[in-house]
Amino acid sequence: MVKIKITGTKGLQKALEERTSLEPIKQIVKKHTAQLQVKAQQKTTTAYTGHYEGKKFVKPTGATRRSIALMLSGNGMTGTVGMGTYYSPYLELGTRFMAARPVLKPSWEAQRVLFIAELKKIMG
């Protein structure tokens, strides 16, 4: 039976971690999360133009646009954009009485292409 013992792996791991900086990736995540938030907020102006309550037309208040927020987590490696109003899922997905008026999904579909392209560019 052959026994192999590898020593010095802690030093190797430390050296690799020092040479591998995640800072560029964190900056890309932050940049694209912020751009996603702005795109979604901009889409609300065309998607949410008001609604009728009975026969009375109600202008939009802008609450949904203001509720779109971003959050960075995972030590800057994860970016989240979401709407904070209780009725946001109904606007995004629709109901049996109302067609969907999504702003997050189309914004993500557009931003995703740019995000992946920039990640590929820094990977070489």
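The values are calculated or read from the model by the stated rules, or taken from the named source; none is laboratory data. Quick caveat: nothing in here was measured; it's all calculated off a predicted structure. Here Cβ is always computed from backbone atoms with ideal geometry, including for glycine, and neighbour counts include all displayed protein chains. Heads up: the accessible areas ignore ligands, DNA and RNA and are worked out on the full protein's heavy atoms, side chains in. Shrake-Rupley method; radii C 1.70, N 1.55, O 1.52, S 1.80 Å.
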Checklist outcome for this item: Across region 39-83, the tally of residues that are part of a loop (DSSP other than H, G, I, E, B) and in contact with a Pro (Cβ under 8 Å, 6 or more places away or on another chain) stands at 3
Item to check | Within region 39-53, considering residues that are open to solvent by less than 70 Å² (accessible area, probe 1.4 Å) and not basic (Lys, Arg), the one nearest to the chain's Cα centre (by Cα) | outcome: Ala40
Checklist outcome for this item: If you go through Leu22, Leu36, Leu91, Leu72, the only one that is touching a Ser or Thr at 6+ places or on another chain (Cβ under 8 Å), more than 18 Å from Pro106 (Cα to Cα) and of a type outside the set (S, T, N, Q) is Leu72
Item to check | Selection count where residues are free of Cβ contacts under 8 Å to residues at least 60 places away in the same chain, among the charged types (D, E, K, R) and either closer than 17 Å to Gly82 by Cβ or open to solvent by less than 90 Å² (accessible area, probe 1.4 Å) (or both), scope region 106-124 | outcome: 2
Checklist entry - Residue check, Asn75 against (1) among the polar types (S, T, N, Q); (2) modelled with pLDDT under 95; (3) open to solvent by less than 70 Å² (accessible area, probe 1.4 Å), all met but one. Which one? => result (3)
Item to check | Hey, Lys39 closer than 29 Å to Leu114 by Cβ and modelled with pLDDT of 95 or more or not | outcome: yes
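Count, please, the residues in region 1-36 that happen to be at pLDDT below 75 and surrounded by 10 or more Cβ atoms within 10 Å (Cβ to Cβ).
5
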